[in-house]
Each structure stands twice: as structure tokens, then as C-alpha cells.
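Undergrad: Pasting a structure below so you can have a look.
The values are calculated or read from the model by the stated rules, or taken from the named source; none is laboratory data. Predicted model, so just to flag it, every value in this text is computed and none were measured. Methodologically, a virtual Cβ is constructed for each residue, glycine included, from the backbone with ideal geometry; neighbour enumeration extends over all protein chains shown.
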């Protein structure tokens with residue numbers, strides 16, 4: 001993690017101790033860096049703070065509804081939206097204390113607001129932020145956690161990722177990375193078919 005982001009992480013992680021959000025956030029942070037490297041016109045100083053804070057609002061959602069407020073069978077889409085509002089509120093509270101300007105705060109919170117509930121990119125920074133958030137699902141860590149959350153086998157996780165999530169990527173690089181992760185996971189799942 002970049003030195004300048006450590007203070008944000010220290011604050012953010014106190015809100016990320018639900019639903020594996022701390023782990024997810026660290027992977028998304030790394031993936032955001034890698035995607036942004038391919039788009040030099042993007043603003044990493046806005047994207048990375050947004051990634052660190054984007055899911056902090058899940059800590060404000062009732063625990064008994066938490067695992068039914070996202071995913072393919074979302075029973076509480078209003079809570080998905082509420083976690084975005086709550087994440088924005090947390091960001092607006094902590095970023096001034098960390099020395100961010102009003103302009104930076106507006107840019108950062110604009111990425112957090114709607115990161116799950118809006119599908120189209122409102123800017124390049126928004127596209128990178130959304131793709132890094134989604135791309136975590138394709139990592140081995142993401143595959144495992146999704147399987148645990150929904151109590152499904154990896155083959156079903158991969159089917160969901162291929163048929164429902166892959167078409168939603170907004171950057172070419174993010175989509176290509178998702179395909180590499182997906183094909184690698186499929187090979188790993190079916191490896192025994194190819195071996196003696």
C-alpha cells in the first residue's frame with residue numbers, strides 16, 4: 001500500500017470488519033492500481049481513496065440482513081443503496097481530517113456513491129473504480145469467498161461470473177484481466193481431465 005494511503009486504511013478498516021470487506025478492499029485496491037496504470041489520464045489520487053472507503057457503509061447495515069442485501073438473489077436492494085450512502089457519509093467525515101480538499105472529497109465520494117447501483121461509467125475514474133471492485137470476484141480469493149457466501153460450488157461461481165458479471169466491465173483492461181482470471185480458474189477446476 002502506498003504510504004499516503006495508510007492513514008485512510010487505518011480509518012477505513014475499522015468499518016470493514018463485516019462480510020470480508022477488509023480482504024475484498026485490499027484486493028480491490030491492488031487491482032485498481034493495476035487497471036489505472038493502463039490509463040495514464042486517470043487520477044489515482046481519487047480512485048485509491050475511494051476504493052479504500054467504498055464499502056465502509058456495510059458496517060451500518062443490520063447484520064441479520066447483510067447477506068441478503070447483495071448478489072444474484074438480492075432481497076433488499078434498498079440496503080445496497082443505503083450502504084453507498086453510509087460509505088459516502090463516512091468518507092465525508094474522515095477525509096477532511098486527513099487533509100483532503102473539498103474538491104478531492106467531492107471527486108472521491110462521487111465514485112463511492114453509486115458504485116454498486118449505477119451500471120454505466122460516469123467518468124474514467126468511475127469505470128476503473130467499478131471494475132476494480134468487480135475484478136476481485138475473479139481472483140482465487142474472490143471465488144472462494146463468493147462460494148462461501150452463497151454456499152455454491154466453484155463451477156457455479158464461475159458460471160455467474162462469466163454470464164452475469166463479465167458483460168458489465170467498463171474498461172478493456174479490466175475485462176481482459178477478468179477473462180484471464182476466469183480461464184485460469186476454469187483450467188484449475190478441470191485440471192484432472194487433462195492429466196494422466
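Undergrad: Among the numbered criteria (1) surrounded by fewer than 24 Cβ atoms within 10 Å (Cβ to Cβ); (2) touching a residue at least 12 places away in the same chain (Cβ under 8 Å), which single criterion is violated by residue 52?
TA: (1)
Undergrad: Let me ask another. Quick one: what pairs do we get from the stretch 164-178, first residue free of Cβ contacts under 8 Å to residues at least 24 places away in the same chain, second assigned to a helix (DSSP H, G or I) and crowded, with 17+ Cβ neighbours inside 10 Å, C-beta under 6 Å, 6+ apart or different chains?
TA: Filtered contacts from the stretch 164-178: 166/178.
Undergrad: Answer yes if at least one residue in the stretch 36-47 is surrounded by fewer than 16 Cβ atoms within 10 Å (Cβ to Cβ), more than 12 Å from the chain's Cα centre (by Cα) and over 26 Å from residue 169 (Cβ atoms), and no otherwise.
TA: no
Undergrad: Still on this model: Given 148, 159, which one is modelled with pLDDT under 95, loosely packed, with under 14 Cβ neighbours inside 10 Å, over 27 Å from residue 47 (Cα atoms) and over 13 Å from the mean Cα position of the chain (by Cα)?
TA: Numbers: 159 fails: modelled with pLDDT under 95.
The unique qualifying residue is 148.
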